[in-house]
1. Expected output is a single nm value to one decimal: the length gained when fully extending between Leu444 and Ala193, i.e. 0.36 nm times separation in residues minus the C-alpha distance. What is it?
2. Would you calculate a helix-derived [θ] at 222 nm for the chain, using -39,500 (n - 2.57) for each DSSP H run of n ≥ 4 and dividing by the full residue count, to the nearest 500?
3. Once you have the alpha carbon radius of gyration of the chain, what is it after dividing by 2.2 N^0.38 Å, with N set to its residue count?
4. What are the semi-axes of the equivalent ellipsoid of segment 76-337, taken as the square roots of 5 times the eigenvalues of the Cα gyration tensor, listed largest first and rounded to whole Å?
5. Taking loop as defined by DSSP and a crowding limit of 15 other beta carbons within 10 Å, which GluC sites (Glu not before Pro) in segment 72-124 fit?
6. What is the distance, in nm, between label points placed 7 Å from the Cα along the Cα-to-Cβ direction at Gln7 and at Ala359?
7. Give, in nm to one decimal, the length gained when the segment between Ala29 and Glu432 is fully stretched (0.36 nm per residue of separation minus the Cα-Cα distance).
8. Starting from the Cα of Lys118, draw a straight line to each of the lysines and keep only those under 26 Å, dropping any in the same chain fewer than 8 residues away.
Amino acid sequence: MTNITQQRKIVTEVPGPRSRELHARTTRAVSAGVGIGFAAYIERAGGGLLTDVDGNELIDLGAGIAVTTVGNAAPRVVQRVQQQVADFTHTCFMVNPYEEYVDVCEALNELTPGDHEKRSALFNSGAEAVENAVKVARSYTGRDAVIAFDHAYHGRTNLTMALTAKSQPYKQGFGPFAGEIYRAPMAYPYRWAGGPEACAEEAFSTFVAQVHTQVGEQNVAAVVLEPIQGEGGFIVPPPGFLGALAEWCTRNGIVFVADEVQTGFCRTGDWFACDHEDIVPDIITTAKGIAGGLPLSAVTGRAEIMDGVQSGGLGGTYGGNPIACAAALGAIETMREDDLVGRAREIGDILSLRLGELAERFPVVGEARGRGAMQAIELIAGGDDHSPNAALTKAVSAYAQTEGVVTLTCGTYGNVIRFLPPLDITDDLLHEGLDVVAAGLEKLA
């Protein structure tokens, strides 16, 4: 258990003098291309709190962008990592393999949706997982085209930048990008022109027609989609849209890839977001919450698809590093033993209630949405004017941060505040953090 008292505490202004000193060093040593949203430098963390170098105790509503799902320094993760470091740190699985890699792959094959035979391969980052999923799909189908969606975020490598929809800051100045990537409209109920009730049917019909006329189904290797879009704004597609896509892919011999990098591992109140509608993807990509904060990602898919790649076609020097694998085994054990699926649903109930109240109270909150411990509010000009309000979003998030609450923004238009608390946060801390956000809206809206 963490020895950090689970109470927000502000002892200096935030960021404090020591953090400001470190930030001055950062500007002299670190590329300006590495953006920092909240320059309170952390020295330890646990539960729902981050302790900065000035002694401030900050409520964590971001979990390192959905990474520390099991909490920071979770005991089972720490124990396994310490033992693995003492045993050995690296051999490269492709040179001298080790059991921990196999253990993680077996767990993924068991936990991911579907009871068919599966295979997995391990990598380092979410982007690397998505890129390898596309490689696998192209190898298996012999086709080139890949369909992604508006508002998508899939990573920062060249191929995943091509899949990502948002230009600034992720793509600006970094082209040319990988070819044979096509984009379709996302089923975004709040902003669908025909209204939320028509969104699922109309979005799917538009997708089918657009792919048929602009690409050709016979040329498509994969459709890549986040079951709940993350960086794009926590967009939850209407019921039926994912299922229709998956069925269409099956009919046309196309690999359906579910990017569950942010949604996976209990975050949405199921092991994976696809579980909510019993969607069984051909390939699922995972990262973030998989290993309690250590860098690890995976591609898991149908055995015949994953085994269709030539030997040596997948891999990497650090992919499935033994320390990261040990952390993943500790994280998965924690999720199972502590019923973090159930805990995510409890957190989801609190978030749904509190964020729904904000939507009723403040006309600038256009919509509260999400599932489980992955929820958000979209801020607008107000009332009937649904224009994105990025300035207010930035101001409310900054207010919360100076009051000791770590918040994250997102959205194609920069007008969404997202909530991704670690699943070991207490109810009291969660409510207190949301109180601060509400106070920010009250003051600034």
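1. Here the segment from Leu444 to Ala193 would lengthen by 87.4 nm.
2. -12000 deg cm²/dmol
3. 0.96
4. Working through the eigenvalues yields semi-axes of 31, 20, 17 Å.
5. On the way: sites: Glu99, Glu100, Glu106, Glu110, Glu117; in loops: Glu117.
Passing sites in segment 72-124 are Glu117.
6. Here the modelled spin labels are 3.5 nm apart.
7. Using 0.36 nm per residue and subtracting the Cα-Cα distance, I get 141.5 nm.
8. In chain and number order, the partners are Lys135, Lys288.
Readers should treat all values here as calculations from the given coordinates under stated rules, not as data from a laboratory. Keep in mind that what you see is a predicted model, and the values were worked out from it rather than measured. A quick note on method: Cβ atoms are made from the backbone with ideal geometry, for glycine too, and the neighbour counts reach across all protein chains shown.
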